[in-house]
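Right, one structure below, let's go through it.
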Amino acid sequence: MTKVASVIHWFRLDLRLHDNLALRNAINEAENRKQILRPIYVIDPDIKNRVGCNRLRFLFQSLKNLDTSLRKINTRLYVIKGKAIECLPKLFDEWHVKFLTLQVDIDADLVKQDEVIEEFCEANNIFVVKRMQHTVYDFNSVVKKNNGSIPLTYQKFLSLVSDVQVKDIIQISKGVSDECKASDYDSQGYDIPSLEEFGVNESELSECKYPGGESEGLKRLDVYMAKKQWVCNFEKPKSSPNSIEPSTTVLSPYISHGCLSAKLFYHKLKQVENGSKHTLPPVSLMGQLMWREFYYTAGSGTENFDKMVGNSVCTQIPWKKNDAHLKAWAEGKTGYPFVDAIMRQLKQEGWIHHLARHMVACFLTRGDLWISWEEGAKVFEDFLLDYDWSLNAGNWMWLSASAFFYKYYRVYSPVAFGKKTDKDGLYIRKYVPELKKYPSEFIYEPWKAPKGVQKTAGCIIGEGYPNRIVDHDKVHKDNIQKMNAAYKVNKEKKAMKRPRQ
DNA sequence: ATTGTAGTTGGCTTG
DNA sequence: ACAAGCCAACTACAA
């Protein structure tokens, strides 16, 4: 007996139905050939080692929403537990797969995995369709246009894409026919597993401020795009890193998981800006989206983009290991209330404002602790809902003045920076509650409060709240000198590599 | 080739 | 309250 062949769409960072060309290709292929359609998601049992609880919850919510939407068009999500390179070849054989569609992703781990799967597909006569749909622009053609090298400045990137026509949004117009349904459609073996199964106790997680899923992402997009004035006047540097409610859109987790198409965001922004006076990149909302495109272009075109060693764009800096300091930073126990508040918000809610990321990233690296940006990037990977491989590495290099940004002597002050937008430290009082009762005068520098004030406020520094792990005023000046020395070495190395006239 | 200019978003002191 | 000037002087890109 001959088995009916299957068509697979493999969901990864494209957890949506709208603007998903690869998914539509799979549906059409199955329909045209009367084959079985199986949209799959592969989840590695070890995922907990790389993905923190909050992001895992976001992912599972997104999968649930995806499955619900797929069922509305008469198919479903098949969730497979295991490592893709081990379980997919077996399944492809069992399901008699002839056609596979997926999205191009650039995360180094996914790229490696894809190579293995594609090799298997080629050897087994499985036709693979890969679609570039995670970004507005095709980053490969941007690099090509720049004569094969990546643009190292944002403005250069903008000039490269200025005349590129952005493609329209793809929609799935009709449901899947019964002929394309598998006989195991109702099998619970492919249902979305529980978070508990992956070692997450949901009741121990903090309140869910940003629920995952395409529906939530689209809703959030609509809410913000309806505020025409707000969109047209948006200037990122003028938004506040320490407002109690986010001063920006928080669309990033939806875009990073692919719940929301970057291209849809682009077209909606164009629509809102059209005919009105509006702010421009780099500070505008469109500018924010273009930053993402910029880092994707840089990340896709650079070997070892997420590392210092072997990374051609990254200045080599002799960072030092200090596990105690790293731990204090990650847990929000540095003794600098603004830094600690940010790190605690990050851990609790999975999202912090972009400028808050600047503050803590500068503090960990060139500003105060002199610890490698790679260590910080790992902590962000764990905690951020909107974690994204290229944006994370790119921004960490920026803030540590390892690439893209070079004014290393501009150091964020953990005392002064937050005061600009939150004089009374309401943000600190929320996320570092042990300092809640401190007078505003001392809320950014509690160690300066006289013992009596500390007592009255109910928190002695060094007991209820840690002493500062470093003296910023002193250490940041030393670090500027160290950066200066590292830059000099770097320059000499570059000069030696340059061919002599 | 050399040089001028621009570059998402600083901190601190002085007026 | 806010703006100007200083700090010490980076790199990429274009001309």
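Once you have a ≥ b ≥ c as the square roots of the Cα gyration tensor eigenvalues for chain A, tell me rounded if a/c is under 1.5, and otherwise prolate or oblate according to whether a/b is larger than b/c. It is prolate, given that a/c is not under 1.5 and a/b is the larger ratio.
Using only side-chain charges placed at the Cβ, +1 for Lys and Arg and -1 for Asp and Glu, the dipole size of chain A relative to its Cα centre rounds to 2000 debye. Based on the convex hull around the alpha carbon atoms, region A:372-465 presents an average projected area of 7.8 nm².
Can you list the residues of region A:247-264 with backbone N under 20 Å from a point 7 Å past the Cα of A:V111, pointing along Cα to Cβ? A:256-258, by backbone N distance to the label point.
Near the amide H of A:V42, within less than 5 Å, lie the amide hydrogens of A:I80, all on another chain or at least 5 residues away, with H placed in the peptide plane.
Expressed in Å, the radius of gyration and Dmax of the Cα atoms of region A:323-487 are 15.6, 49. Taken along the Cα-to-beta-carbon direction at a fixed 7 Å, the label points for A:I460 and A:H267 span 6.4 nm. A crude spin-label estimate for the pair A:K327 and A:E492, with each label 7 Å from Cα along the Cβ direction, gives 3.7 nm. For region A:130-141, the Karplus equation 6.51 cos²θ - 1.76 cosθ + 1.60, evaluated at θ = phi - 60°, returns couplings of 10, 10, 7, 8, 8, 10, 5, 10, 7, 5, 5, 6 Hz by residue, with Gly and Pro reported as x. On a per residue basis, region A:1-133 carries 43 Å² of accessible surface, using protein heavy atoms and a 1.4 Å probe.
Here A:E196 and A:K219 are evaluated by their C-beta separation; at R0 = 41 Å the FRET efficiency comes out at 0.90. Note on region A:143-217: Lys pairs 8 or more places apart or on different chains, Cα atoms under 25 Å apart, count 5. Scalar couplings 3J(HN,Hα) for region A:241-251, obtained by applying the Karplus form with A = 6.51, B = -1.76, C = 1.60 to θ = phi - 60°, are x, 10, 6, 5, 9, x, 8, 10, 7, 6, 7 Hz; x denotes Gly and Pro. In plain terms, chain A is cut at each of the GluC sites (Glu not before Pro) found in a DSSP loop with at most 13 other Cβ atoms within 10 Å, and the longest leftover piece is A:1-206.
Amide H contacts of A:V97: A:S6, each under 5 Å away and 5 or more positions distant or on a separate chain (H built 1.01 Å from N in the peptide plane; Pro and chain starts excluded).
With charges set only on the Cβ (+1 for Lys and Arg, -1 for Asp and Glu), what does the dipole of region A:126-177 come to about its Cα centre, in debye to the nearest 20?
Details: 7 positive and 3 negative charges, 28 e Å.
Value, rounded to 20: 140 debye.
Holding the Cα-Cα limit at 28 Å, pick out from A:K64/A:K130; A:K72/A:K378; A:K320/A:K477; A:K72/A:K236; A:K448/A:K488; A:K347/A:K491 the pairs that are longer than that. Pairs exceeding 28 Å: A:K72/A:K378; A:K72/A:K236; A:K448/A:K488; A:K347/A:K491. Within region A:127-203, the chymotrypsin sites (Phe, Trp or Tyr not before Pro) that combine a DSSP coil assignment with at most 16 other C-beta atoms in a 10 angstrom radius are A:Y185. If you take the square roots of the eigenvalues of the alpha-carbon gyration tensor of region A:1-72 and sort them as a ≥ b ≥ c, do you get rounded (a/c under 1.5), prolate (a/b over b/c) or oblate? Prolate, because a/c is 1.5 or more and a/b exceeds b/c.
Averaging sequence separations of C-alpha pairs under 8 Å and six or more residues apart, then dividing by the length of chain A, give the relative contact order as a whole percent. Answer for chain A is 16 percent. The stretch between A:E122 and A:S149, if pulled fully straight at 0.36 nm per residue, gains 6.7 nm over its current Cα-Cα span. Partner aspartates and glutamates whose Cα lies under 15 Å from the Cα of A:K228, excluding those fewer than 8 positions away in the same chain, are identified as A:E273.
The values are calculated or read from the model by the stated rules, or taken from the named source; none is laboratory data. Just so it is clear, the model here is predicted, and its values are computed rather than measured. Neighbour counts are summed over all protein chains in view; Cβ atoms, including those assigned to glycine, are modelled from backbone coordinates with ideal geometry. For the accessible areas, the whole protein counts, side chains as well, though only heavy atoms, and no ligand, DNA or RNA atoms are used. Shrake-Rupley method; radii C 1.70, N 1.55, O 1.52, S 1.80 Å.
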